[in-house]
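Heads up: the structure comes next, in structure tokens.
Rule-based calculations on the coordinates, nothing more; no lab input. Everything numeric in this text was worked out from a predicted model, so none of it was measured. Cβ coordinates were reconstructed from backbone atoms using ideal geometry, including for glycine residues, and neighbour counts include every protein chain displayed.
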């Protein structure tokens, strides 16, 4: 049985059929044949004859033919091997047999017994003649028709053809072939073989202008200066069929865009070269004024363990699902150390508010904490807010924790406090030798631990007395401390 595609670049495969049961007269193939695109979205050109995989284009009609004839058994045995052997067994030789005798004759075996069937390959048109399923997005991931020279451009398109595996988010490479492909070739429909079709379209006679990008199938370019930037696309999630560019292009930096330029996005479906979509935008010079952003803590003061919510009111991102950029929002403690940072701020409504929440952690300097916000698309649009962070009020002290058990370099005395993280107004440690003589005393205010290096004392056992004072209350604890030099 012969399966073929009569497209200009067509595959041809042969199937051996086995009778399902002895005497049944019904024949079937024992396994399925995988249907693949001639051009893989990442791997590139992959058409191979006689490899027991069928490569086709979207919208193609695949034909299957059955002919009741006998074939050379050596050729049949070689089916599916592909490679250089194709010239020897494809198409397999038909053996002419006369059914009326065992001798050879010029009559084919049941010449009249021929059957055909067809199947259509699914196709989704990114441009179907009416609707174009391709968008140019700005740095806020919103569709716009005009951009500033400093804006970022992202490409988004819907192509259900490329949603080939519903279990994973798939990728569409910007180029037709991997550089190491053994079947490397460019796609004639875009770039042409003898002439530069894109250059002709733009009215540019310099073929070398596009030479480095002749293998691109997804790209954004500036016709005025000829800058072409190929872009990879990634599916937004498993089974969505929606693809976005993995990185943004800055209009003036990557494309040399300036006021008045037309920027063009070009996409050609790897599975159907006749499915070509083009999107254009204009570069404007004027900046549309929007209100300044505002960032704020939900309280003026916090203690360790509190949950803080930070809200960003950002008119420039109305309707966006989030605001995203590296460290778009940063919280710093009183010493300027980074307490927490976010690369994305989710929206909390369909208007202009975005928010994050976090728990005030231990280990950072108390005092005035600051949150800073910077617009990802315009570093001059910023805002900040402050809040006071203090330790919790000490309600009770149930003991002193010593770490390590034996002092070698230093030892830390820590309050076992309620609530956790609360600090003392004053914390004092006095150390005595076994004769009762005081050998050391040290203290500090507003802390929950003290560290001691043992000074020049020899290795032996000592007694410590800890006095904790807070809000008019005093707690006293005693215990051993050991020095081991």
Exercise for review: Compute the distance in nm between two label points, each set 7 Å from the Cα along the Cα-to-Cβ direction, one at residue 95 and one at residue 168.
Suggested key: 4.5
Practice item. Would you give the gap between the C-alpha center of the stretch 40-84 and the C-alpha center of the stretch 428-447, rounded to a whole Å? Key: 89
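By how many nm would the segment from residue 353 to residue 128 lengthen if fully extended, with 0.36 nm per residue of separation less the alpha-carbon distance?
The residue 353-residue 128 span can extend by a further 77.3 nm.
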Practice item. Under 1.5 on a/c is rounded, so check that first for the stretch 396-483, then, if it is not, pick prolate when a/b is larger than b/c and oblate when it is not; a ≥ b ≥ c are the square roots of the alpha carbon gyration tensor eigenvalues. Key: prolate
Revision key, fill the gap. Of every Cα-Cα pair in the stretch 214-318, the percentage lying beyond 17 Å is 69
**Study point:** Convex hull projection area averaged over all views, the stretch 318-454, Cα basis, nm²
**Key:** 11.8
Exercise for review: Note down the nm distance, to one decimal, between modelled labels 7 Å out along Cα→Cβ at residue 246 and at residue 445.
Suggested key: 5.8
Check your understanding: Along the Cα-to-Cβ line of residue 473, 7 Å from the Cα, sits a label point; which residues in the stretch 392-424 have backbone N less than 11 Å from it?
Key -> 393-398, 417-419
Revision key, fill the gap. Inter-part gap, Cα centre of the stretch 139-177 to Cα centre of the stretch 305-339, in whole angstrom, is 27
Check your understanding: At q = 0.17 Å⁻¹, what is the log10 ratio I(q)/I(0) for the stretch 294-390, with the Debye formula run over Cα points and no solvent?
Key -> -0.69
Point to revise | Backbone N under 20 Å from the residue 259 label point (7 Å along Cα→Cβ), restricted to the stretch 375-394 | key: 378-380
Check your understanding: Ranking 267, 45, 432 by Cβ neighbours within 10 Å, fewest first, what do you get?
Key -> 432, 45, 267
Study note, to complete from the structure: So, with points 7 Å from each Cα along the Cβ direction, the residue 455-residue 378 label distance in nm works out to 6.4
Practice item. For each of 386, 158, count neighbouring Cβ atoms within 10 Å of the residue's Cβ, then give the residues from fewest to most. Key: 386, 158
Review point. When 394, 35 are ordered from fewest to most other Cβ atoms inside 10 Å of their Cβ, what list results?
Key: 35, 394
